[in-house]
Amino acid sequence: MSFLARANTKGVRTGAAVVASATAVAATVWGAAALFGPDGTAASQQNVARPGATDHSGRGDDGRPGEQSQGIPEGIAHASEGGGNAVNITIDDGPDPRWTPKVLDVLRRHDVKATFCMVGPQAKAHPDLVKKVVAAGHRLCDHTMNHDTAMDKKPVAYQEQQILEAKKLIEEAAGGGAKVEYYRAPGGAFTPDSRRIAAAHGMRPLGWNVDTKDFGKPGTAAIVNAVKREIGNGPTVLFHDGGGNRAQTVDALDQVLTWLKEQGRPTGFPVRTAPDTADAPASPAAPATPGAS
């Protein structure tokens, strides 16, 4: 699905205290606060362009294009560094001790690199997995601290805390000077301020074009068919390695990567410093699905 006009539907470190803290965070991330907006409606995995947020061009409410900071545009990226035929595989909501290793294994077998959008406390709880992601040549993306899909309704100071604290935890977990190169707002809840904050700290705002809806566990075939049906919308595909049982995602990812190879479609990373060129007409909004990117 295209990014434009999408509806707002969309640990474990040593020591008992840390475990308890990580568990509490996980409950916040995957509980009702993360899955439902302030009006009680279900949030979707869709990449939302909301009132008070941005549209798929990366423009804010005032219609002004985002300025560049440190060479990173504020506009939301969809295009691939690999060119017009390349596909960007993005993996959200981890790292997860059960499912991230399985996703990494699939990617390794297909010799494909992906972008992992990580939740800060999950990265802190599983630094070994963050290091494995980096060692395998994949890229890191900031997916905030608490996965708050209503953060576009919150004060700028709150948005900044959610973005920058997560960036710090992910980079600390990665070690070795690894940097977070992208920022993806939970549920697509970007604002002009959050895009500015991310870009000023070296992170390109990252959207998606194909929502596989794997978060809702619709079945492996449905996930694969969503990619085949919607890949014409643009090159960035959304999968999940966190937030629940991801067996269907692992199987579907394997099949999707096989299919892409058969179609002669290479894979790549989303653009970071180049203007976005992968905007596509909006697809009709899908029904609300519990969960979010």
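We did not get these values from a lab; they are worked out from the coordinates using the rules stated. The shown structure was predicted, so the numbers you read here are calculated from the model rather than taken from an experiment. Because the Cβ atoms are built from the backbone with ideal geometry, glycine has one as well, and the counts that use them run over all protein chains shown.
See the values below:
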{"item": "Pairwise label distance in nanometres, K179 with R98, each label 7 Å out on the Cα-Cβ vector", "result": "3.6 nm"}
{"item": "Spatially proximal lysines relative to K168 (Cα-Cα < 16 Å; intrachain offsets below 8 disregarded)", "result": "K124, K131, K179"}
{"item": "Net charge of Cβ neighbours under 11 Å - reference A221; Lys, Arg +1; Asp, Glu -1", "result": "0"}
{"item": "Sparsely packed trypsin sites (Lys or Arg not before Pro) within segment 68-154, loop by DSSP, other Cβ within 10 Å at most 14", "result": "R98"}
{"item": "Fully extended contour minus Cα-Cα distance, from A200 to E165, at 0.36 nm per residue", "result": "11.2 nm"}
{"item": "Set of lysines near K153 by C-alpha distance (under 16 Å), chain-local residues within fewer than 8 positions excluded", "result": "K10"}
{"item": "Rounded if a/c under 1.5, otherwise prolate or oblate - segment 71-173, Cα gyration tensor axes", "result": "oblate"}
